[in-house]
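Working notes, structure below.
All of the numbers you see were taken from the coordinates with simple rules; none came from a lab. Because the structure is a prediction, the values reported are computed rather than measured. Here Cβ is always computed from backbone atoms with ideal geometry, including for glycine, and neighbour counts include all displayed protein chains.
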Amino acid sequence: MKHITTAITLTILAGLMLCPLAGLAKNVDLVTLPARDSVQLTIYNSEDLTLVKETRYVTFKKGVNKLQFSWANTLIDPTSVTFRPLEHKDDVELLDTVFPGQKPQHLIWNVQSKFEGQVKVEVTYFTSGLTWSMDYVAITDPDETKLHFRGYVRVFNNSGEEYENANVRLIVGTINLVEKIAELARRRGIPVPQPAAAPAVYEKLRREAAADGMARAEMPAEPSARPPVIVKEGLSEYFLFSVSGQETIPNGWSKRMQAVEARDVPFDIVYRMRAFQYGPRPVRFFIWRNDAEHKLGESPLPDGQVNLYRQLAPPAGGGDGSVDGLSFLARQQIRYVPIKAEIEINLGPDDLVVYETRRMGIERLNFHFQAVSGPPHEVVDGWDERTHWVDTIRNYRTKGIKFELRRQWDGDVDYDSEVATTLFDYRTTETTFDIDARSKRQYPATVTVHFGANATQQRVKLKENAR
Amino acid sequence: MRYRAFMIILAGLLMCPATGLAKNVDLVTLPARDSVQLTIYNSEDLTLVKETRYVTLKKGVNKLQFSWANTLIDPTSVTFRPLEHKDDVELLDTVFPGQKPQHLIWNVQSKFEGQVKVEVTYFTSGLTWSMDYVAITDPDETKLHFRGYVRVFNNSGEEYENANVRLIVGTINLVEKIAELARRRGIPVPQPEGGKEKYQELRLSAVHGTIARAETSTAPAGVKPPEIVKEGLSEYFLFSVSGQETIPNGWSKRMQAVEARDVPFDIVYRMRAYQYGPRPVRFFIWRNDAEHKLGESPLPDGQVNLYRQLAPPADGLAFLARQQIRYVPIKAEIEINLGPDDLVVYETQRMGAERLNFHFRAVSGPPHEVVDGWDERTHWVDTIRNYRTKGIKFELRRQWDGDVDYDSEVATTLFDYRTTETTFDIDARSKRQYPATVTVHFGANAAQQRVKLKDSNR
Amino acid sequence: MRYRAFVIILAAWLTSTASVASARIKLAALPERERVEIQLDNGNYTLVEEERIVPLLKSGKANNMIDFSWSNTAIDKDSILFRPVAVREGDKFRPVKMIKLADGTEAPEVNVINVAYPPNENALVWEVYSAEACACKVRVSYLISNLTRTFEYRALADKKEKVLTLRKFMVLHNYSGEDFLGAGVWAGFGPKFLKEVNQLDDLKLLMAKFTEVPIDKTFTFDWYTHGALNPDKPLASKILMHYRLTNDEKHKMGEFPLQPGKVRIFIEDGHGGEAFLGEDLAVLTPLDDTMKLYLGESRDIVCTRIIESNQRHAVRGNLCNQEIVIKYEIENFKDAPATLRMLEQLNRLGQQYFGNTHGDVEWEKGGKTSKEIRFDYEFGNATPILLVDLPARPADKDAKVEKVTVRFHVLLKNLWP
């Protein structure tokens, strides 16, 4: 049977016949809001915020109707509750909303109606305790040329309320809140609900969940044969993921569903050496894009953890086909990836690619002197220091690699190298190499730094032939 | 008429043996008072009470006893003088018996036998007065209806019925407070009445008093509020309330003292960040003179509640401001600060800064010269927007620190050595711009601490 | 209607003074109120005005004594005003008129003579003169505390974010200890409402609704305020999204200044429902000013700021100029075009690459500045805003997003350490 228990709505009798007319004339017409007919949840990732939209059928009489709405043990923000009619819109008007002081978690709507009869209305409000998160699994082929990419969304329900047959939507993006919902709710005096912890309750819930599954099966709709489809669309600066169909998530439970899948995604491998950003060893990156060329590009990818694996090649002699193991490559949090933007996974240093840098010689030249009284009559107050650097990169992999080197320099620097070098910014030099499998490359450079009175700038200047 | 405060002690003549207490044989208590005048001083807790009584004297020395209980009277201030038969009646001395606090005995020599009208004066404490004002402007804010009320508080411990009341405006000098003087003679400060029965009893007597007045006076009950006559007295002003008032102990009474209808006033907006804050502030200004329907007397310190009558059909009041005003002499200005107005907006913007007129000092070694003085020239543009349906008068003052040269195409004057001042008339629903170029001299270039206006400005 | 807060003192004690019944006792209790108005236009003081119809006797030997007492300590005793407004003639009311007195002066036909205040009580007694016996309409007004109001807004944007509907709500907080049934409530602007406001209740009502308000959606990049976006992108910074609404007629508003309050912003989701975009606290917005609502970050626009060159030129002695070229690389991954506002805080730039700037910097635009950049000086000269128009992300699935590269060549003049 269908469960109608909802913690949110209390039922209070009309009281017409119980209270004397004189004293409580006001309460005579107070009607409780009936149970909800349908519910939609829109869950925001960045804040603990969910927009709940319910529809209910309310019977109005002509004139002013007082409707009471109450909630208990749930974190609803009272300042966010709205009411609007979906039918007979011209006949039904909300006059005002009263929040009675003595009754916390209650409100009363004064609604003026020209229509007598049943009207479908929509009630929306913000609640807290429902969150979602994203995680990804990427598996490359043994040659590390293509990967199989999947993204999963997981919804957590700690709101204190059971949500059955709810239509679920997830918002990707960072919104601005000025006060947290939980705070607003607590201000009106209720404690934060705890998820069901005791085993007896857990068992009860499992039974109910199963019963519910069966109940759904009893209903005319077909049971789901496939995972729900998640439709993605843009809304202002945010993306809306709508889970098709309806989900039931009991209080305290969470549910994980596949949201994104792409097969045979091509990707690039790049090595970057930037001591100032990544440390003393070159670091390996797998890079691809969230676009059609890379079998993606339907929607942005929300922040989430990526687990990256490589499929191991079957043994040379064939084998029984069950050696289809995985090798774990890296785990990384990625940040929000817009459509057509790059995705970069940092795999860390690679033992098979080695970078060394060596200072080969130092000279001092171009001295500037300042006159002083008494011996020695002149003192050095400016000079140049010229250093010869040689960097060596060794690639022990069975594939050629792309290697990018950036170095940052402080002070007034003149830079010269026979290898083509550019300036990434005013103090950073940049060079890229293609290094064949099992070979090495050398990169010599001459760097002259001006000190003391010789120093007039704070930047790197490339020698003419280097640009 | 019963007076709680004065204990009536029987002559005792008949009760005490003639031998031992011959002195007390002739002790006569002062009869009840016939009339009383109160002069209440605003600045100190001080009231001068002047009573008249009818005393029957015999030839020779008369001992008159005067006592007070539960009231703060300064014993050192009590005086006695005959109003009739002045040549025949003489006060010999005054005794303050040690065993009997709140008592004194006058030894009066009389050649006349019979009833004599005498005057007793003394200082007491516990009566104070305060002033408050209500001003209501018309819907267009061009004229106002101004009323001042004086409220007399009676916490003296004594009932005052049918008293003639006068109020002194001004700050006098006292060397000791009355309350201190009274306490020195050992009585506690009286508390105003509490308790329901007492309250009812008092209300009864208050009304009773009014009725009594109705009975005794032939004139009809007050048709108008009592008139308050105001006259100057040395550095002070005396407000005399016409007729007589009854103020029971613990009560206060509020009476209209000043009224002026159709008082014209000016509205001025002032923008002075250093004094009033970051937004322009609105003032209603008028004068205590005949042109403004006032000018009869100075206006004492008091709280002003300012309202505006709303245009019909609203027919109600809007509350504009509440402010304490200080003593306003005759012909002096009255200013009420209404605070910022959402419909008048002031913005100031720096449009650009330039550096010029560098002064260098030689140093040894590179770079051989260093900057030690310069001028900074900034262009300011102020914008004032008036969203009201009337034109406004706007006064802008800005304070500048340092050696400043000031130039503006709009006429500007100097309020003081470091403050520039400009006034604007801004029409309804329009805006004005005020550009200025300010050059500040720094370092070796700074020789002054003042603002200098460019000649074209003066 | 019974009003809990006002104690009515009957003239019952008439019996106790039977001995002086020969004089007419004109003590009356203040009748119940006919009408109440609550004025909330002054943010600091709430004025309550009540209207009552008081029967007055002709003043012969004594005047009317009218008793007013209340148990509510939120009423400011010193602010109570009693104003006779009209007198009943037939079945209509006419204004109080001035009459000539025996001594030739003029006075109103109904006039307050004085007010007496008993001790330790929330009560007072008015002595009122009345030329004739009449029913007089009287206004009693006073300031009451703990009856305050705050404002809230709800904005609903269309899906394309071109226009929105702004609703302004007033929330009345009644902690004054008084019930107001059928009170006229006025906020100082907009319409007047007839409401029932009970004690301890909060009452929320719609004050104004502005439709078709054009939205100016802005994206702002401010390197020196927000710093690096994250360690992976150390040279990019946050892009903040704002809705800017101008309070004037051109933008379908401009009726009155908008009071401070919390604004919640929603958008139509295209399926008949709404999604929440974010909220912000609005400050006082006078007419013609702009309300800036911060909604959150836009992560579909990425802007990276690179200092391409940094050169110092000596002028004289230790006086120098500093020449800097800032390169911006911007990618717009949204499916709509956008204009990016980049704030350059030149004083901070000068401090970072030179040192002490001795106040606001003096600067000039250099020749390498990209022509596509438009300059705005809303924040003054030292913090220019660089506006760059960005095309939408290409609709073609295979097309790449073009990186828009612009340069700001700035010469900071007349600096010395």
**OP:** Pull up the cross-link candidates among the aspartates and glutamates for B:Lys100, meaning alpha carbon to alpha carbon under 18 Å and not fewer than 8 places away within one chain.
**Re:** B:Asp26, B:Asp74
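Express the relative contact order of segment A:263-349 as a whole percentage, based on alpha carbon pairs under 8 Å and six or more residues apart in sequence.
Relative contact order of segment A:263-349: 34 percent.
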**OP:** Obtain the nm distance between the two label points defined at A:Thr145 and C:Lys58 by a simple spin-label model: each point lies 7 Å from its Cα along the Cα-to-C-beta direction.
**Re:** 11.9 nm
**OP:** Count the net charge of all other residues whose Cβ sits under 15 Å from the Cβ of B:Gln303, scoring Lys and Arg as +1 and Asp and Glu as -1.
**Re:** +1
**OP:** Assign one of three labels to segment A:263-349, namely rounded, prolate or oblate, based on the Cα gyration tensor with a ≥ b ≥ c the square roots of its eigenvalues; rounded applies when a/c is under 1.5, prolate when it is not and a/b is larger than b/c, and oblate otherwise.
**Re:** oblate
Original post:
What net charge do the residues around B:Gly126 carry, taking every other residue with its C-beta under 10 Å from that of B:Gly126, with Lys and Arg at +1 and Asp and Glu at -1?
Top reply: -2
**OP:** Determine ³J(HN,Hα), in whole Hz, for all residues of segment C:68-84 in sequence, where each value follows from phi through the Karplus function 6.51 cos²θ - 1.76 cosθ + 1.60 and θ = phi - 60°; x replaces Gly and Pro.
**Re:** 9, 9, 8, 9, 8, 6, 6, 7, 7, 4, 7, 9, 6, 10, 10, 10, x
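What's the FRET efficiency of A:Phe369 with A:Glu418 using the Cβ-Cβ distance as r and R₀ = 41 Å, to the nearest 0.05?
Values: r = 34 Å, r/R0 = 0.83.
E(calc), rounded to 0.05, equals 0.75.
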**OP:** Provide the FRET efficiency to the nearest 0.05 for the C:Lys192-B:Ser234 pair, computing r from the beta carbons and using R0 = 56 Å.
**Re:** 0.55
Original post:
So what J values fall out for segment C:363-375 if you push phi through Karplus, 6.51 cos²θ - 1.76 cosθ + 1.60 with θ = phi - 60°, rounded to Hz, Gly and Pro as x?
Top reply: 8, 9, 7, x, x, 7, 5, 5, 5, 6, 7, 9, 10
Original post:
Short version: ³J(HN,Hα) in whole Hz for each residue of segment C:321-326, in order, from phi by Karplus 6.51 cos²θ - 1.76 cosθ + 1.60 (θ = phi - 60°), x for Gly and Pro, what are they?
Top reply: 10, 10, 10, 10, 10, 9
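Kindly put C:Glu362, C:Glu308 in sequence by how many other C-beta atoms sit within 10 Å of each C-beta, fewest to most. Mind showing how you got there, number by number?
Values: C:Glu362 24, C:Glu308 17.
With the fewest neighbours first, C:Glu362, C:Glu308 line up as C:Glu308, C:Glu362.
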Original post:
So between A:Arg256 and A:Arg335, what do we pick up on full extension, going 0.36 nm a residue minus the alpha carbon distance?
Top reply: 26.4 nm
**OP:** Fewest Cβ neighbours within 10 Å first, please rank C:Val361, B:Val345, A:Val64 accordingly.
**Re:** A:Val64, B:Val345, C:Val361
Original post:
Counting other C-beta atoms within 10 Å, which of C:Thr290, A:Thr429, A:Thr59, A:Thr398 has the fewest, and how do the rest follow?
Top reply: A:Thr398, A:Thr59, C:Thr290, A:Thr429
**OP:** Please list, in chain and number order, the residues 5+ apart from B:Gly339 or on another chain whose amide H is under 5 Å from its amide H, with Hs placed from the backbone.
**Re:** B:Arg282
Subject >> Charge sum, other residues only, whose C-beta stays under 13 Å from A:Gln442's C-beta, Lys/Arg counted +1 and Asp/Glu -1 >> reply: +1
Original post:
In straight Cα distance, which lysines are under 27 Å from B:Lys86, not counting same-chain residues fewer than 8 positions off?
Top reply: B:Lys23, B:Lys50, B:Lys58, B:Lys59, B:Lys63, B:Lys111, B:Lys117
Original post:
Among the lysines, which have Cα under 24 Å from the Cα of C:Lys61 when same-chain residues fewer than 8 positions away are ignored?
Top reply: B:Lys224, B:Lys253, C:Lys26, C:Lys97, C:Lys100, C:Lys137
